[in-house]
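Values in this text are rule-based calculations from the coordinates and carry no lab data. Model, not experiment: these values are computed from the prediction. Here the Cβ positions follow ideal geometry from the backbone for every residue, glycine too, while neighbour counts run over all protein chains shown.
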Amino acid sequence: MNNFSKIQMGVDYYPEHWDPSLWEQDAIQMKEVGVKIVRVGEFAWSRFEPEEGQFNFEWLDRAIHLFHRQGIQIVIGTPTHTPPRWLTEKCPDILPIQANGHTYHAGVRGHRCFNSVSLHSYGSRIIEKLTLHYKDHPAIIGWQTDNEFSLVYCHCESCNEQFRVWLQAKYGTLEQLNQEWGTVVWSGEYNDWSQVTTPFGGSPHQNPSYQLDFYRFQSACVEQYQQTQIEIIRRNCPEHFITHNFHSYPQKLDLYPLGEQLDVAAFDYYPNTSPDKTSTGPYSGALSLDVTRGIKRRNFWIMEQLSGPPGGWGPMWRTPYPGFIRAYIWQTIARGADTVVQFRWRSATMGAEQFWHGLIDHSNVPGRRFEEFSQVCTEVNTLSRLLEGSIVRNDVAILHSHDQLVALDIQPQVEGLDYYENIKQWHRALTKLGIGTDVINWTENLSGYKLIIAPSLYLMDSTVATSLEAFAAAGGTLIITHRSGVKNLNNVCLMEPFPGMLSHCAGVQVSEYDPIANSLHHIITADEQTYSSTQWCDILHPTTAEVVASYHDDFYAGKAAITVNSFGKGKVYYLGTHPEENYMKSLLHQLAVAHDIPHFPDLPEGVQISVRMRDSQAFFFLLNLSRESRSIVLDHPYKSVLYDGLTHEGTLTLEPYGVDICTIELY
């Protein structure tokens with residue numbers, strides 16, 4: 001089951017959308033440009049089963065046969081994202097019910113309740129038929145579950161029943177639930193399980209413990225829904241791999257338990273083409289790719305990537321600038337993607353996504369973007385054997401937590417404080433220093449890292465606290481930030497000084513705090529450098545920690561703002577405020593030097609360096625993700641594997657959206 005580890009290019013293709021006379025010439029043209037993978041089927045339930053119990057796979061057999069003749073391999077998507085109209089008419093329980101009681105009707109896609117008995121029954125049947133039909137086909141290598149999971153927020157009777165079952169399994173008794181949620185507030189205590197429902201609306205200020213558990217329940221429903229599909233696929237197609245195309249970070253879906261069930265994670269990547277996003281877009285995209293790699297802590301796939309201006313769901317974006325498509329394909333590979341599948345081969349002529357452009361426009365005449373894609377296919381296929389088996393291996397990790405994100409969204413702490421945006425800013429600072437960074441679930445094992453950044457551990461868990469202490473004691477450096485140790489995992493405030501369970505290793509306590517929002521404050525470091533800060537000011541009382549920076553403003557001027565504590569063989573930093581990017585870069589550069597972490601401190605804006613490793617060989621991906629030429633000062637000679645062994649020394653200039661891939665033997 002290693003088909004998913006090859007370095008290769010692919011496209012999404014919808015044979016059901018096109019006259020069959022086009023299929024063969026498309027397959028031949030794909031082979032000519034170097035396409036190795038095609039994804040099909042994820043929206044085709046009405047063609048697979050046009051009427052109840054009448055199955056038709058002949059049309060897809062014909063299409064797959066044509067691809068197979070060209071040596072192209074196939075991934076099939078299970079079609080459960082789009083139940084057909086005959087099914088939703090017969091089984092209306094499939095359609096989600098919104099909080100106001102209205103039905104989420106069929107029309108575009110995603111019209112299914114994850115707890116619908118009918119969906120499980122009919123969905124399992126179509127997947128059973130598909131997998132049995134294609135289990136021995138030599139072109140089929142893998143399956144994608146459903147499409148772009150997200151929370152549906154269904155409030156049907158089945159969801160209400162399952163929510164109670166889930167809560168009973170977690171809390172045991174209604175008395176325990178009342179206690180853990182603190183329902184005594186506002187006379188919210190439950191007297192009978194029948195009173196416990198999904199959030200139907202009314203006041204937006206619901207019990208935060210209740211809300212957090214509802215989101216957790218919703219994620220658990222998606223997990224069980226996917227597991228049902230996976231069990232069928234594994235039973236019938238044991239040699240095929242299974243993936244899912246995650247999308248749209250951040251979202252309230254818990255990615256990590258879903259990822260555990262998969263062989264490889266995948267992401268749908270649509271980098272922003274707008275010129276006014278060029279200063280932030282490449283960095284946000286880099287974070288999304290690192291989050292995807294962190295789902296399973298290994299290489300991943302891109303199952304959809306931008307091929308032209310998106311549109312249809314809203315006004316169209318700008319067309320990709322020359323070099324944009326190529327540069328962003330290499331960015332995904334640089335950060336651990338082994339296969340990149342472009343959405344889509346040809347722009348749709350019908351339906352809601354007519355203007356979500358593919359590689360070929362409505363004219364059906366290949367143009368500039370298609371030629372750029374062809375160039376990348378040639379490059380990827382040329383370097384595939386060299387890069388195969390290479391991985392991303394980093395010394396630095398940012399901890400990411402679904403629970404923190406959801407809890408801080410339920411009760412926003414202050415204007416301007418956004419959990420994921422703060423992660424994004426730390427990650428951007430690291431990326432601008434050329435420091436490779438993993439983004440991993442906050443409960444993961446931390447061994448092997450030198451530096452861990454743990455933003456806003458708002459909900460605190462004793463197991464995680466012990467893990468963080470052990471990491472620092474063993475010689476690692478830990479950075480924790482404001483709004484840590486505020487609550488327990490049930491979203492109830494703790495009666496102890498912040499940062500709670502982390503106070504001991506941080507050597508500091510919060511004596512008071514000031515939610516300053518977007519008010520600009522300043523901190524002064526020990527070496528008398530001044531930096532601005534926003535969002536929050538924890539006024540710190542060091543117990544064993546040393547003061548790194550003090551506040552310059554307000555009634556707490558001169559009080560500690562940032563501290564560092566020696567703990568075992570390591571150090572723990574506590575940041576009581578959210579400093580500007582220049583401070584983050586200064587601190588991270590200092591720590592990179594101290595820990596001998598590879599970095600490139602003078603990268604120009606928009607330039608990224610990522611490294612993939614194989615044995616003792618390092619592949620440096622040098623990317624200019626901007627519309628202007630950029631120059632990089634090289635610390636020693638690099639040999640290009642993209643440009644026939646050309647050796648770069650001194651300064652390397654990259655054209656707009658320019659790319660190079662260099663190699664160096666580490667030992």
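ARG125 versus LYS90, label points 7 Å from Cα toward the beta carbon: distance in nm?
0.5
Restricting things to alpha carbons, find the Rg to Rh ratio for segment 512-582 using the Kirkwood radius for Rh.
Ratio of gyration radius to Kirkwood radius for segment 512-582: 0.97.
Given the rule -39500 (n - 2.57) for each run of at least 4 DSSP H residues, summed and divided by the residues of the chain, what is its mean residue ellipticity at 222 nm, to the nearest 500 deg cm²/dmol?
The per-residue figure over the chain is -10000 deg cm²/dmol.
Would you calculate the convex hull of the Cα atoms in the chain and tell me its volume per residue in Å³?
Dividing the Cα hull volume of the chain by its residues yields 162 Å³.
On a full-extension model of 0.36 nm per residue, what is the gain between HIS17 and THR544, subtracting their alpha-carbon distance, rounded to one decimal in nm?
Length gained between HIS17 and THR544: 183.0 nm.
So how do 618-624, 259-265, 97-103, 445-451 stack up, highest first, on mean other-Cβ count within 10 Å?
618-624, 259-265, 445-451, 97-103
With a point put 7 Å past each Cα toward its Cβ, work out how far GLN98 is from ASN191 in nm, to one decimal.
Placing both labels 7 Å along Cα→Cβ, they lie 3.3 nm apart.
Report Rg/Rh for segment 607-665, rounded to two decimals, where Rg is the Cα radius of gyration and Rh the Kirkwood radius.
Radius of gyration relative to Kirkwood radius: 0.96.
Could you give the Stokes-Einstein D for segment 1-145 in µm² per second, using the C-alpha Kirkwood radius, 37 °C, 0.692 mPa s?
Calculated translational D: 200 µm²/s.
DSSP loop (so not H, G, I, E, B), at most 13 other Cβ within 10 Å: list which trypsin sites (Lys or Arg not before Pro) in segment 524-573 pass both filters.
The qualifying sites are LYS569.
Checking the table LYS36/LYS296; LYS36/LYS424; LYS277/LYS569 against a 32 Å threshold on Cα-Cα, which pairs fail?
The pairs that break the limit, which is 32 Å between Cα atoms, are LYS36/LYS424; LYS277/LYS569.
Treat every Asp and Glu Cβ in segment 17-75 as -1 and every Lys and Arg Cβ as +1, leave all other atoms uncharged, and give the resulting dipole magnitude about the Cα centre to the nearest 20 debye.
380
In the chain, if the dipole is taken from +1 on Lys/Arg beta carbons and -1 on Asp/Glu beta carbons about the Cα centre, which of ALA429, VAL611, LEU408 is farthest to the positive end?
VAL611
Where in segment 66-110 is the amide nitrogen less than 14 Å from a point lying 7 Å along the Cα-to-Cβ axis of GLU239?
74
Hey, got a sec? Which trypsin sites (Lys or Arg not before Pro) in segment 131-228 land in a DSSP loop and have at most 15 other Cβ atoms within 10 Å?
LYS135
So what is the relative contact order for the chain, in percent, with contacts set as C-alpha pairs under 8 Å and at least six apart?
11
Among the chymotrypsin sites (Phe, Trp or Tyr not before Pro) within segment 549-611, which fall in a DSSP loop and have no more than 11 other Cβ atoms within 10 Å of their own Cβ?
Those that pass, being in a loop and sparsely packed, are PHE555.
Could you work out the per residue convex hull volume over the alpha carbons of segment 550-592, in cubic angstrom?
77
Report the local net charge at HIS247: Lys and Arg +1, Asp and Glu -1, summed over other residues whose C-beta lies under 10 Å from its C-beta.
So the environment of HIS247 carries a net charge of -3.
Just grab the label-to-label distance for SER462 and ASP527, each label 7 Å out from Cα along the Cβ direction, in nm (one decimal).
Computed distance between label sites SER462 and ASP527 equals 4.2 nm.
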